[in-house]
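Asks: Structure below; questions to follow.
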Amino acid sequence: MLQVLQAPSGALRYRQKGQVEDSSPIRALCRCQRLQRASEVVSCRPFGRYLTRSQIQTMKLSATRLSRTLSHRLGFRRDWYLVVLSVIIGLLMALVATAFIAPLRWADELGEKMAGSSLFWLMLLLVPAIGGLLVGMVRLLINAPAIGPGITTVIYSVRRKRGWLPLKVGVQQWINSSLTILTGGSAGAEGPIATIGGAIGSTSSRILHGNSQATTTLLGCGAAAGISAVFNAPIAGIFFVMEILLRDFSLRTFTPIVISSVVAAAATQGILHDQAIFDIGLSFAKNEGQFHISLLPLYLLLGILCGIASIGFIRGLELSTRFFDRLNAPAVLKPAIGGLLLGGLGLSWMLLTGIDAIPDFYGNGYPIITDMLQPERYANLETGQLLDGTGWLAVFLLGTFGLKLVGTCLTLGSGGAGGMFAPSLLMGASVGGAVGIGIDAMGWLPNGTPAQFALVGMAAVVAATTHAPLTAILIVYELTRSYEVIMPLMFAAVVSTLISRWLCRDSIYSAKLRAIGLHTGSMGDLTILRKLTVSDLTIKEAMSVPTNDSAASMLRLSELHGVSDFAVTDDEGHYAGLVTSEDLKAALVYREAIPLLQVNELQRSNLPTLTPDEPLDLVLEKFSRCDSDALVVLDIDDHRKIMGLVTRSQLMRRYQSALDRDE
């Protein structure tokens, strides 16, 4: 049934087919404009006349053009709304982060009060298992799509889902990570809060029907705001997203993420006040933390050791995940089994040490990290006595490293939820503190303290496990607010990253992604193509045909040699054009006309050509401008001499090979 939109006044009468029975302005307009149906006309009484649908569409188009022109003249972009949304997401994530952190802090205080009770040993054993059981049940109930720990799922959504991260993934991460950390699971808060923020940002874009670019950007805004709010580290939140999640430093993406991160940090500081998580005060500023060139070899050693330690963490988590994946047990029970093993480790620690307190490798480990960063904790060490009190403290720190590594692998490998930044920080502080103690005991640290090595070790292990040295440097700096050690932080972080990448090409996030066939690449993916040239490809020998030859003879050559692309030469043997496989297929559609055709009627002379010294990024650009699967390579000196052919598939294979080797 056709309808005619009409103002309340001036009602019309219709027939079944939509024709107007009476004489009205609509009939006159239809007759004037040769319209067959009155349904083409819409009443627009505010303008005092009737308009056709095409006229209204023209008006809408003009209004849109006017809006775009004004936005351009006033300096606004079409995606200006991302700036507004980034502010809203930043404020929202400040509230979410505050609600996320509050139970974790309450649990730390409760654990200290429960320490020493008669049933404390039973709590150490069973509480992590109960938490794991609850995690498995929540995962079964919500059933959110996830391929691994929180950050891994976020990266996957960016690379394969065009930034779409369902809200229930964030809800599941919130509940499960809280349960894991509250019950003693060895994990951190950065992964869950980044996932929660990413899900909120992605969902907000979907609600507003944003495109994939906007969805990915808002996902980054939410993740950066979450990191910024939890760690009170806005700069680290920005670079965490840019370096690890998005790997995109374009201004269009960078601007809203910066705004969201800063707003979240400012709002959180207003709620929780401006305070570093690891408050080391002015300890390093007084005398110990000044960097001197003579300490460079010591920080080189620390970077190498931290790089090796990070490999142990990455491989340990892979083995643990593989073990629990193959374990013949219901998926809902696997986190509980991991929690029970962690509880057994905690109970063994209590029995061996005789300390009735929450083990240092339970939870996020922030209290023990704070102790390791206090120079006065090392003040009574006697240099030169490595096997005295110094030796026992070094053994304790190395033991803490090992227990934290095993505890984290049991927690996350079995399916527990949580981040890997906090465990990496504790492992780095343990290795750095132990190395600092050894150096101090040998008399090589006359004006320093092992605490500064613990601080540098934190950044080095985080950088090596994530393959993101810039993020590691910034997050440790913002967590401690200690500028005095920024130079050794940078040096050791870069060294440890090089060692880690040399020994293991995958970071702790990308290992799972590579297992499912997803290469995360790098910010310099196109730089890889710029470093390679056409000569790095295998240039195929080109089958040449004269331009005045018959198409039938060219088809016989194609059938005889299995060739589908032909380089066409002129009478002097110089390059004249290219006949592609698509041209041959088009000719075969009209077989009866083939005896009448010549090669010059099928050849294409407007296709771009290549030279051996041409960088592959330009080659990729040329392939993108044409629909040919092959291009001719000409000699560098004589641009008419044919050297061979390069195919699109060759270029893609070489590109993927370079990515796999991280050239």
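The values are calculated or read from the model by the stated rules, or taken from the named source; none is laboratory data. Source: prediction; values computed, not measured. A quick note on method: Cβ atoms are made from the backbone with ideal geometry, for glycine too, and the neighbour counts reach across all protein chains shown.
Asks: Could you list all residues from segment 522-539 that are of a type in the set (A, V, I, L, M, F, W, C) and modelled with pLDDT of 60 or more? Before the answer, list the steps.
Replies: Quick first cut of segment 522-539, residues of a type in the set (A, V, I, L, M, F, W, C) only: 523, 526, 528-529, 532, 534, 537, 539.
Answer for segment 522-539, where residues must be of a type in the set (A, V, I, L, M, F, W, C) and modelled with pLDDT of 60 or more: I528, L529, L532, V534, L537, I539.
Results for (1) under 26 Å from the mean Cα position of the chain (by Cα); (2) at negative phi; (3) modelled with pLDDT under 90, shown as yes or no for each residue.
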| site | (1), (2), (3) |
| --- | --- |
| Q374 | no, yes, yes |
| L381 | no, yes, yes |
| L403 | no, yes, no |
| G457 | yes, yes, no |
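Asks: If you take just the helices (runs of 4 or more DSSP H) that sit entirely in segment 569-663, which of them hold at least 1 residues that are more than 37 Å from the chain's Cα centre (by Cα) and of a type in the set (S, T, N, Q)?
Replies: Numbers: elements: 581-588, 616-625, 648-661.
It comes to 581-588.
Asks: So, one more: Please verify whether segment 226-239 includes one or more residues that are over 26 Å from S510 (Cβ atoms), among the β-branched types (V, I, T), touching a residue at least 60 places away in the same chain (Cβ under 8 Å) and surrounded by 18 or more Cβ atoms within 10 Å (Cβ to Cβ).
Replies: Scanning segment 226-239 turns up no residue that is over 26 Å from S510 (Cβ atoms), among the β-branched types (V, I, T), touching a residue at least 60 places away in the same chain (Cβ under 8 Å) and surrounded by 18 or more Cβ atoms within 10 Å (Cβ to Cβ).
Asks: With the structure loaded, tell me whether T183 is crowded, with 24+ Cβ neighbours inside 10 Å, outside the structural domain of Y509 (by TED's automatic domain parsing) and over 28 Å from T480 (Cα atoms) or whether it fails that test. Lay out the reasoning, then the answer.
Replies: Working: crowded, with 24+ Cβ neighbours inside 10 Å: yes; outside the structural domain of Y509 (by TED's automatic domain parsing): yes; over 28 Å from T480 (Cα atoms): no.
Criteria not met by T183.
Asks: Within segment 201-211, is even one residue in contact (Cβ under 8 Å) with a residue 60 or more places away in the chain, not in a helix (DSSP H, G or I) and not hydrophobic (A, V, I, L, M, F, W, C)?
Replies: no
Asks: Using the structure shown, decide if G210 is crowded, with 24+ Cβ neighbours inside 10 Å and among the small types (G, A, S).
Replies: no
Asks: May I ask you to list the residues in segment 548-562 that are surrounded by 14 or more Cβ atoms within 10 Å (Cβ to Cβ) and more than 19 Å from V589 (Cβ to Cβ)?
Replies: Once the filter is applied, which keeps residues that are surrounded by 14 or more Cβ atoms within 10 Å (Cβ to Cβ) and more than 19 Å from V589 (Cβ to Cβ), segment 548-562 yields D549, L557.
Asks: Of the residues G150, G131, G136, G90, which single one is crowded, with 16+ Cβ neighbours inside 10 Å, within 17 Å of G226 (Cα to Cα) and modelled with pLDDT of 85 or more? Reasoning before the result, please.
Replies: Values: G150 fails: modelled with pLDDT of 85 or more; G131 fails: within 17 Å of G226 (Cα to Cα); G136 fails: within 17 Å of G226 (Cα to Cα).
Exactly one residue qualifies, and that residue is G90.
Asks: Quick one: is L327 of a type outside the set (D, E, K, R), surrounded by fewer than 15 Cβ atoms within 10 Å (Cβ to Cβ) and closer than 30 Å to A459 by Cβ? I'd like the intermediate steps shown before the answer.
Replies: Numbers: of a type outside the set (D, E, K, R): yes; surrounded by fewer than 15 Cβ atoms within 10 Å (Cβ to Cβ): yes; closer than 30 Å to A459 by Cβ: no.
Spelling it out, it is not the case that L327 is of a type outside the set (D, E, K, R), surrounded by fewer than 15 Cβ atoms within 10 Å (Cβ to Cβ) and closer than 30 Å to A459 by Cβ.
Asks: If you take the residues in segment 584-603 that are of a type outside the set (V, I, T) and surrounded by 15 or more Cβ atoms within 10 Å (Cβ to Cβ), which one is nearest to R556 (Cα to Cα)?
Replies: Just the residues of segment 584-603 that are of a type outside the set (V, I, T), to begin with: 584-588, 590-593, 595-598, 600-603.
So of that shortlist, the ones also surrounded by 15 or more Cβ atoms within 10 Å (Cβ to Cβ) come out as 584, 587, 597-598, 600, 602-603.
On the way: L584: 11, A587: 13, L597: 14, Q598: 13, N600: 16, L602: 15, Q603: 16 Å.
Step by step, filter segment 584-603, then rank; the result is L584.
Asks: Further question on the same structure: Which members of segment 447-472 meet the condition of being touching a residue at least 40 places away in the same chain (Cβ under 8 Å) and either out of contact with any helix residue (DSSP H, G or I) (no Cβ under 6 Å at 6 or more places or on another chain) or not aliphatic (A, V, I, L, M) (or both)?
Replies: Once the filter is applied, which keeps residues that are touching a residue at least 40 places away in the same chain (Cβ under 8 Å) and either out of contact with any helix residue (DSSP H, G or I) (no Cβ under 6 Å at 6 or more places or on another chain) or not aliphatic (A, V, I, L, M) (or both), segment 447-472 yields N447, G448, T449, P450, Q452, F453, G457, T465, T466, H467, T471.
Asks: Inspect segment 626-640 for any residue being surrounded by 13 or more Cβ atoms within 10 Å (Cβ to Cβ), of a type in the set (S, T, Y) and at pLDDT below 85 and give the result as yes or no.
Replies: The initial filter retains those residues of segment 626-640 that are surrounded by 13 or more Cβ atoms within 10 Å (Cβ to Cβ), namely 626, 628-636, 640.
Then drop every residue that is not of a type in the set (S, T, Y), which leaves 628.
Now narrow it down to the ones that are at pLDDT below 85: 628.
Yes, there is a match, as at least one residue in segment 626-640 is surrounded by 13 or more Cβ atoms within 10 Å (Cβ to Cβ), of a type in the set (S, T, Y) and at pLDDT below 85.
Asks: Please identify the pairs in which a residue from segment 628-643 that is more than 12 Å from T611 (Cβ to Cβ) has its Cβ atom under 8 Å from the Cβ atom of a residue that is of a type in the set (S, T, Y) and assigned to a loop (DSSP other than H, G, I, E, B), counting only partners at least 6 apart or on another chain.
Replies: Listed pairs, sorted by first residue: S628/T580; D629/T580; A630/T580.
Asks: Moving to a separate point now. Look through segment 546-568, keep the residues that are within 23 Å of Q650 (Cα to Cα) and in a strand (DSSP E or B), and return whichever of them is farthest from the chain's Cα centre (by Cα).
Replies: Residue satisfying both the conditions and the ranking: V568.
Asks: Select from segment 241-265 the residues that are in contact (Cβ under 8 Å) with a residue 12 or more places away in the chain and among the small types (G, A, S) and write down the one among them that is surrounded by the fewest Cβ atoms within 10 Å (Cβ to Cβ). Walk me through it before giving the result.
Replies: Applying the first criterion (in contact (Cβ under 8 Å) with a residue 12 or more places away in the chain) to segment 241-265 yields 241-249, 252-265.
If we keep only those that are among the small types (G, A, S) as well, we get 260-261, 264-265.
Working: S260: 37, S261: 32, A264: 34, A265: 29.
Among them, the one singled out is A265.
Asks: Can L616 be described as in the same structural domain as L555 (by TED's automatic domain parsing), within 30 Å of R501 (Cβ to Cβ), buried (at least 17 other Cβ atoms within 10 Å of the Cβ) and hydrophobic (A, V, I, L, M, F, W, C)? Step through it out loud before you land on a result.
Replies: Details: in the same structural domain as L555 (by TED's automatic domain parsing): yes; within 30 Å of R501 (Cβ to Cβ): yes; buried (at least 17 other Cβ atoms within 10 Å of the Cβ): yes; hydrophobic (A, V, I, L, M, F, W, C): yes.
Spelling it out, L616 is indeed in the same structural domain as L555 (by TED's automatic domain parsing), within 30 Å of R501 (Cβ to Cβ), buried (at least 17 other Cβ atoms within 10 Å of the Cβ) and hydrophobic (A, V, I, L, M, F, W, C).
Asks: Could you tell me which numbered condition L498 fails, if it satisfies all but one of (1) farther than 21 Å from L317 by Cα; (2) surrounded by fewer than 24 Cβ atoms within 10 Å (Cβ to Cβ)?
Replies: All conditions pass for L498, except number (1).
Asks: Could I ask something else about it? If you go through segment 187-195 one residue at a time, do you hit one that is surrounded by fewer than 24 Cβ atoms within 10 Å (Cβ to Cβ) and either within 21 Å of L251 (Cα to Cα) or in the same structural domain as V263 (by TED's automatic domain parsing) (or both)? Can you show your working first?
Replies: Our first condition is that a residue be surrounded by fewer than 24 Cβ atoms within 10 Å (Cβ to Cβ); within segment 187-195, this holds for none.
Scanning segment 187-195 turns up no residue that is surrounded by fewer than 24 Cβ atoms within 10 Å (Cβ to Cβ) and either within 21 Å of L251 (Cα to Cα) or in the same structural domain as V263 (by TED's automatic domain parsing) (or both).
Asks: Look through segment 132-161, keep the residues that are outside any helix (DSSP H, G or I) and in contact (Cβ under 8 Å) with a residue 60 or more places away in the chain, and return whichever of them is nearest to T411 (Cα to Cα). Talk me through it step by step, then tell me what you get.
Replies: Taking segment 132-161 first, the residues outside any helix (DSSP H, G or I) are 143-149, 161.
Then keep just the ones that are in contact (Cβ under 8 Å) with a residue 60 or more places away in the chain; that gives 147-149.
Details: I147: 16, G148: 13, P149: 11 Å.
Among those residues, the one meeting the criterion is P149.
Asks: So T465 ticks every box in (1) under 30 Å from F100 (Cα atoms); (2) at pLDDT below 90; (3) out of contact with any Asp or Glu (no Cβ under 9 Å at 6 or more places or on another chain); (4) β-branched (V, I, T) but one. Which box is left unticked?
Replies: Going through (1) under 30 Å from F100 (Cα atoms); (2) at pLDDT below 90; (3) out of contact with any Asp or Glu (no Cβ under 9 Å at 6 or more places or on another chain); (4) β-branched (V, I, T) one by one, T465 breaks only (2).
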